[in-house]
Amino acid sequence: MKKILALVLALVMVSCLFVTAHADELLKIGYVQVGHESDWRMANTQNYYDVFTKEAGFELELIDCDNDHARQLQEVRNFITKDFDYIVIDPIQEAGWDDVLKEIQEAGIPCIIADRAVAASSDLYTTAVGTNMTAEGETAGLWLEEYLAGKAAKILVIEGSTGSSAAIGRAEGFNKVAANHPEWEILASQDGDFTQNGGQAVMEDFIKRFPEFDVVVCHNDNEAYGAMDAMDAAGIKYGVDGKIIISFDATKEGLTRTLAGKILCNVECNPIQAVIVMNVINALKAGEQVEKFTLVPDEGFCAPGIESAIVTTMTDEVLAARKY
Ligand code: GZL
């Protein structure tokens with residue numbers, strides 16, 4: 001009996017050692033996420049949970065900072081004190097990051113900027129992964145230029161969260177094309193915070209102030225849904241025989257409404273980025289050099305019946321192939 005007990009005790013001790021040793025091998029990843037403001041964001045969060053698993057050798061702590069920049073800075077500082085192996089930042093706003101990036105560097109922790117960008121020197125972080133938001137805005141502008149074919153247009157813009165590189169980039173790219181069109185008039189541009197409620201509130205205000213408009217540019221799909229809700233309530237038609245709605249993100253629901261001819265142009269911004277970030281982390285762990293920036297490619301789509309050299313015309317097959 002004593003021999004059996006000794007054997008069981010030995011087995012328990014060995015398995016505890018294994019678990020401890022194994023747990024020590026897991027890379028501790030701290031990810032300060034923007035929030036939960038949009039379908040895009042939820043797809044991005046889910047992708048990190050799907051990729052950074054214990055089986056893949058990671059212990060992920062993802063913190064939803066609920067669109068609060070000060071909270072993001074504080075949570076990053078908490079990661080530093082808890083000595084995480086890697087810190088990943090999706091910055092709510094692009095400004096205000098220099099000091100905390102220096103603190104991460106002084107702590108010797110590799111830092112990856114993911115999705116949105118920071119307005120800080122790239123010397124202050126290890127590497128960045130994301131899309132080209134300015135190019136996304138330009139694609140939307142070039143499609144509108146192609147679609148209007150010289151016709152004048154009164155344009156309303158529902159912007160993304162003020163200060164975010166996504167809103168800044170998309171506005172910059174679209175305005176670069178608009179600058180070539182004196183026959184376009186941008187009546188107003190207002191922050192809808194990337195949410196459906198925000199899009200609806202801004203559109204309700206626009207409808208009161210601007211009885212005449214032709215185009216609504218929404219910086220993401222959820223804002224576009226809100227704008228549609230407001231136009232539905234006001235009896236305003238949109239789509240192939242109504243107001244032109246342009247959107248960004250190209251989520252499944254956004255492309256469903258594009259296929260239905262409700263959104264005429266939808267420019268993708270791919271949230272499936274976690275594998276790219278994981279590959280960068282594994283390369284850094286192996287002591288390899290990594291590029292300062294890894295681009296996540298994206299493309300644009302337009303409603304059926306619209307020929308375009310700029311974006312892909314939607315079909316059932318295109319929608320069926322979408323991953324998010
Ligand atoms: C873009 C991303 C933006 C999306 C929005 O890369 O940061 O934030 O376009 C999301 O849907 O809220």
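Quick test of your reading of the structure: residue 137 fulfils all but one of (1) surrounded by fewer than 21 Cβ atoms within 10 Å (Cβ to Cβ); (2) over 30 Å from residue 289 (Cβ atoms); (3) within 16 Å of the ligand (Cβ to nearest atom). Name the failing condition by number.
(1)
Which of (1) surrounded by 18 or more Cβ atoms within 10 Å (Cβ to Cβ); (2) without any contact (Cβ under 8 Å) to a residue 24 or more places away in the chain is the odd one out, the single condition residue 266 does not satisfy?
That leaves (2) as the condition not met.
Select the strands (runs of 3 or more DSSP E) contained entirely in segment 59-148, then report the ones holding at least 3 residues which are farther than 30 Å from residue 303 by Cα.
Result: 86-89, 111-114.
Output the number of the condition that residue 148 fails; it satisfies all remaining conditions of (1) buried (at least 23 other Cβ atoms within 10 Å of the Cβ); (2) of a type in the set (A, V, I, L, M, F, W, C); (3) within 21 Å of residue 231 (Cβ to Cβ).
(1)
Scan segment 60-71 and give yes if some residue there is modelled with pLDDT of 95 or more, surrounded by 14 or more Cβ atoms within 10 Å (Cβ to Cβ) and under 17 Å from residue 279 (Cα atoms), otherwise no.
yes
Residue-by-condition table, conditions (1) touching a Gly at 6+ places or on another chain (Cβ under 9 Å); (2) closer than 30 Å to residue 313 by Cα; (3) not assigned by TED's automatic domain parsing to the domain that holds residue 180:
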position	(1), (2), (3)
52	no, no, yes
77	no, no, yes
113	yes, no, yes
146	no, yes, no
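Consider residue 109 against the criteria (1) over 27 Å from residue 160 (Cα atoms); (2) within 14 Å of the ligand (Cβ to nearest atom): it satisfies all of them except one. Which criterion is unmet?
Result: residue 109 passes all but (2).
Assigned by TED's automatic domain parsing to the domain that holds residue 238, of a type in the set (Ser, Thr, Tyr) and either away from the ligand (no atom under 12 Å from the Cβ) or farther than 26 Å from residue 292 by Cβ (or both) - does that describe any residue in segment 80-101?
The answer is no, given that none of the residues of segment 80-101 is assigned by TED's automatic domain parsing to the domain that holds residue 238, of a type in the set (Ser, Thr, Tyr) and either away from the ligand (no atom under 12 Å from the Cβ) or farther than 26 Å from residue 292 by Cβ (or both).
In segment 113-133, which residues are away from the ligand (no atom under 16 Å from the Cβ) and either small (Gly, Ala, Ser) or modelled with pLDDT under 95 (or both)?
Correct list: 120, 121, 122.
Table: residues versus (1) at pLDDT 95 or above; (2) buried (at least 20 other Cβ atoms within 10 Å of the Cβ).
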residue: 10; (1), (2): no, no
residue: 21; (1), (2): no, no
residue: 34; (1), (2): yes, yes
residue: 42; (1), (2): yes, no
residue: 55; (1), (2): yes, no
residue: 78; (1), (2): yes, no
residue: 84; (1), (2): yes, yes
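The values are calculated or read from the model by the stated rules, or taken from the named source; none is laboratory data. Keep in mind that this is a model prediction, so the values were computed, not measured. Ideal geometry is used to build each Cβ from the backbone, glycine not excepted, and the neighbour counts take in all protein chains shown.
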